[in-house]
Every structure is written in structure tokens, then in C-alpha cells.
Amino acid sequence: MLKGSFELIGDKSISHRAIMLSSISKGKNKISNFLMGEDCLSTVNCFRKMGVDIEINNNEVYVSGKGLRGLKSLEDNLLLDVGNSGTTIRLIMGILAGQNFKSTIVGDESIGKRPMKRVTDPLREMGAIISGKDDANLTPITIEGGNLTNINYHMPVSSAQVKSSLILASLYGNNTSFIREKVRSRNHTEIMLKSFGADIEVNDLDIKVNPVDELFNKDIYVPGDISSAAFIMVGALISENSEVLIKNVGLNNTRVGIIEVIKKMNGSIEIIDEKEICGEKVGNILVKYSPNLIGTTIDKDLIPKLIDEIPIIALLATRAEGDTIIKDASELKVKESNRIKSVVNNLNLIGAKAIELEDGMIIKGKTPLHGGKIQTFNDHRIAMSFSIANLISNNEVILDSDKCIDISFPGYFNLLKKLSK
Ligand code: S3P
């Protein structure tokens, strides 16, 4: 059983953006509740290498911004290592496309398999010279930027990372850029940029960005990461007598898909004390053990609102009566692992009934879980999802490795231990 209350670690997406946008703005700011996960520290290291003074003190970060055109390279070809972080590489490509120096981006084995053409193509259209493996689809990728034009782009994939990359490049364009999303995705870049003085207008799926001379950073409070809260939320929903209060969770409308799904599945979840901080909705979430869960269908516009939570929602579905169908989610194949395969195979291995689909999966509930040794593929969200399976499994669920959890949730096992009664 999980019992207790806790303050949630900072949101990964917002922490990345806080470093990037503060670095390319004028002024010294403070970022509080910054996520000290490995991914966000990769972003910090990249910007330090471009001459930005970033001080870290506990979970507060002070950034002395260089302004829109103040990033520097001390090398002929600046080497930037993004580690495991898809958000770092895709967003930074948009910024590097606007710089007058040459840079090469490298990352770990998982990053080396993830598609970058989705950013390379539109950035090339804006005038950036980009080369790399498989026509600059895969790392290492070299960018020679500067002198960008504007872009008028209808995105073929639903991706906040691609959208953000193009918005950032548009700051360096020579005219107004128009970007149209396929499905509405997380909008933290738009919110933060606007508060830093960018000329950006959003109308449903349409985004209009005008280049500006300068941005000015402000102090930022990073709300708790709903994608990390998700593991504890599901843990509480499925283990008997649980009741957990998660404080300061980011509740941006583009991120709360998991709350909608839990409600549809008959789970007990309540939002308390909602407020707005730095343009982002924040609130406390109370979750209780829910023995009468029912299956549901998750598809279409809902997918981007919970894309990172699908592995843990799939585990929840094993406790629900009937089928849970997840469709329109082929993006799962190009995450830190192929999350359709890693979820379905591991679920079946521990006793669930899961069927792989081309663009998702079906989970047939309710099934008892007998445990077993699962493969995480070094994917942090797979590792955390299956560690939660331990709360309800007859025998232990053993992870081949759990080090990857530090990517997004440092202190995860300590917290789980503290809540376990
Ligand atoms: C993120 C966007 C999503 C998400 C990722 C973080 C972001 O990726 O899966 O973990 O911070 O913009 P896509 O934009 O590729 O869907």
C-alpha cells in the first residue's frame, strides 16, 4: 500500500525549456524546483559549452542569459553531447540553426536510433546546413547555422519537440513564420517565450512567430512533473488501501490526459487547490485505491496529452475489467525504446494479456500478475512502470537495470520506500 504526501520533483519538459530560453535571453534569473535529472543536466552542459554561466545550488539554478545572439563557440566545430535526451537534441537543433558557428551533436546509443529528419528537413528549408548519418536523420549531426529565413510549415507528425524546435529557429528568421500542428501538443515553449517577450501568437493549431531583437528572462518556478507523478498515481490506484497526496503537480491542459483516463476508468482522483504559477496551472492531486476499474479506449487527440504515460497506463489496464485499447500512438515506437514492444512483451512476460497493434496495443483485464525478469532497454519509463508492477505481483518483478531512472526521476526508489506501508 502507498500512503502519505510529498512535493513532486520538477517537470522535465519545463526544466529543459527554462535553461534554453533563459540562456538565449538577457538577464540573470532563478529557476526553482529545477529537475536535476540526467536529461536536464545534459541541457545545462550544452549551454555551458556555449558560454552561458549556469550555477546550480540544490534544486535552484541561476542562469546569466547571453541574449538571443550571444551564444559562443570556442571550438571550430563545437561538440555537444545530449546524452539520452530527445528534448535536448531536437530543441537545441532549432537554436543552433540560428547561430553563426558550426556544431556537432552526439548522444547515447538510444539517441543514435531516434529520428531527427523531422527537425532536419524543416530547418534545412529555413536555410540551415545540416549533415549527418542517414541524411542527417541520425546522430552525429552537424549544423552550420545563421541567416535563416522564415517558414510556413504544416507538421506531418504530432510532436512538441519538433514544434518547439521550429519556434526557436523562427526567432532567428528574417520574417514571420507560421507553424501548424497536427494535433495539439504540450505548449510550455509558447507560454515561457511569451513571458520572456517573444512575439508569438497561438490560435488553436496555428502558431505565428515574429523574429525579435531580444528576449528578457524572468524567474521561473518549475511545477511538479505529472509524467513522474503518474507512476505514484497508478501505484496508489492499484494497491489496496492506498491514499496519496501529490503536491504541486503541473496541470497544463496539454499534459493532463492521464487524469482524464483515470476518471474514465473509474479511478478515484481529485484535484485540490488549483492555481497558476508562471503561466502554468499547478495543483495537488489526491489518489486513492480503486478496486472497480474498467477498461477504456485511448486514441486521437488524447494521445499527445499522455504520450509518456502510456507504459504506466498499460499496467493500470491490467487491473481494469475488460479491454483497454490504445490506438493512434505509433510515436511510441520512436521513444527511448520501442514502447509498443517493450510494454507488450514485458506485460505478457509477467502474466498480463497484451496484444501488440501497429499503432498501439490492447490490454485484456483483469489478470493476476506472476512477476518475472523484465528488460528495460535502459528506458526510464519502462523501468519505473514495471517497478510499480511489484506492488501487485505475486512474485517479484525484477528489472535488468534501474540506473536509467536517474534520467527523469532521481530519488525515485527512496520516495517509493517512504510511501510504502
Ligand atoms: C517532450 C515531448 C514529447 C515527449 C517527451 C518530451 C517535450 O516528445 O514524449 O518526453 O519536452 O517537448 P515528442 O514531441 O517527440 O512527442
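The values are calculated or read from the model by the stated rules, or taken from the named source; none is laboratory data. Source: prediction; values computed, not measured. Quick reminder, even Gly has a Cβ in these numbers, built from the backbone with ideal geometry, and neighbours come from all protein chains shown. Accessible surface areas use protein heavy atoms only, side chains included; no ligands, DNA or RNA. Shrake-Rupley method; radii C 1.70, N 1.55, O 1.52, S 1.80 Å.
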Check your understanding: Which of (1) modelled with pLDDT of 95 or more; (2) out of contact with any strand residue (DSSP E or B) (no Cβ under 6 Å at 6 or more places or on another chain); (3) surrounded by fewer than 16 Cβ atoms within 10 Å (Cβ to Cβ) is the odd one out, the single condition Asp53 does not satisfy?
Key -> (2)
Exercise for review: Select, from Ser268, Ser195, Ser239, Ser290, the only residue that is within 25 Å of Arg17 (Cα to Cα) and either modelled with pLDDT of 95 or more or among the β-branched types (Val, Ile, Thr) (or both).
Suggested key: Ser195
Check your understanding: Taking the range 96-121 as the region of interest, how many residues are closer than 18 Å to Val209 by Cα and within 14 Å of the ligand (Cβ to nearest atom)?
Key -> 1
**Study point:** Where a residue in the range 40-62 is in contact (Cβ under 8 Å) with a residue 12 or more places away in the chain and its partner, wherever it lies, is of a type in the set (Asp, Glu), with Cβ under 6 Å and at least six apart
**Key:** Tyr62/Glu55
Review point. Among the residues of the range 63-95, which ones are within 16 Å of the ligand (Cβ to nearest atom) and either more than 15 Å from Cys40 (Cβ to Cβ) or without any contact (Cβ under 8 Å) to a residue 12 or more places away in the chain (or both)?
Key: Met93, Gly94, Ile95
Check your understanding: Applying the selection to the range 85-102, what residues are buried (at least 24 other Cβ atoms within 10 Å of the Cβ) and touching an Asp or Glu at 6+ places or on another chain (Cβ under 8 Å)?
Key -> Ser85, Thr88
Check your understanding: Somewhere in the range 130-141, is a residue out of contact with any strand residue (DSSP E or B) (no Cβ under 6 Å at 6 or more places or on another chain), of a type in the set (S, T, N, Q) and within 25 Å of Ile307 (Cα to Cα)?
Key -> yes
Exercise for review: Determine, yes or no, whether Ser342 is within 16 Å of Phe377 (Cβ to Cβ), hydroxyl-bearing (Ser, Thr, Tyr) and either assigned to a strand (DSSP E or B) or touching a strand residue (DSSP E or B) at 6+ places or on another chain (Cβ under 9 Å) (or both).
Suggested key: yes
Practice item. Test Leu347 against the criterion of being among the hydrophobic types (A, V, I, L, M, F, W, C), closer than 21 Å to Ser290 by Cβ and assigned to a loop (DSSP other than H, G, I, E, B), and give yes or no. Key: no
Point to revise | Out of Asp301, Asp308, sole residue that is within 14 Å of the ligand (Cβ to nearest atom), more than 20 Å from Ala383 (Cβ to Cβ) and not aliphatic (A, V, I, L, M) | key: Asp301
Review point. Which ranges mark the strands (runs of 3 or more DSSP E) fully within the range 120-200 that have 1 or more residues being open to solvent by 30 Å² or more (accessible area, probe 1.4 Å) and under 16 Å from Ile92 (Cβ atoms)?
Key: 129-132, 138-144
Study note, to complete from the structure: Of the listed residues (Glu280, Glu274), the one being closer than 18 Å to Ile246 by Cβ, modelled with pLDDT of 95 or more and surrounded by fewer than 16 Cβ atoms within 10 Å (Cβ to Cβ) is Glu274
Review point. What is the residue count in the range 150-169 for residues that are more than 12 Å from the ligand (Cβ to nearest atom) and touching a helix residue (DSSP H, G or I) at 6+ places or on another chain (Cβ under 8 Å)?
Key: 5
Check your understanding: When only residues in the range 346-355 that are open to solvent by 60 Å² or more (accessible area, probe 1.4 Å) and under 12 Å from Ala314 (Cα atoms) count, which is farthest from the ligand (Cβ to nearest atom)?
Key -> Lys353
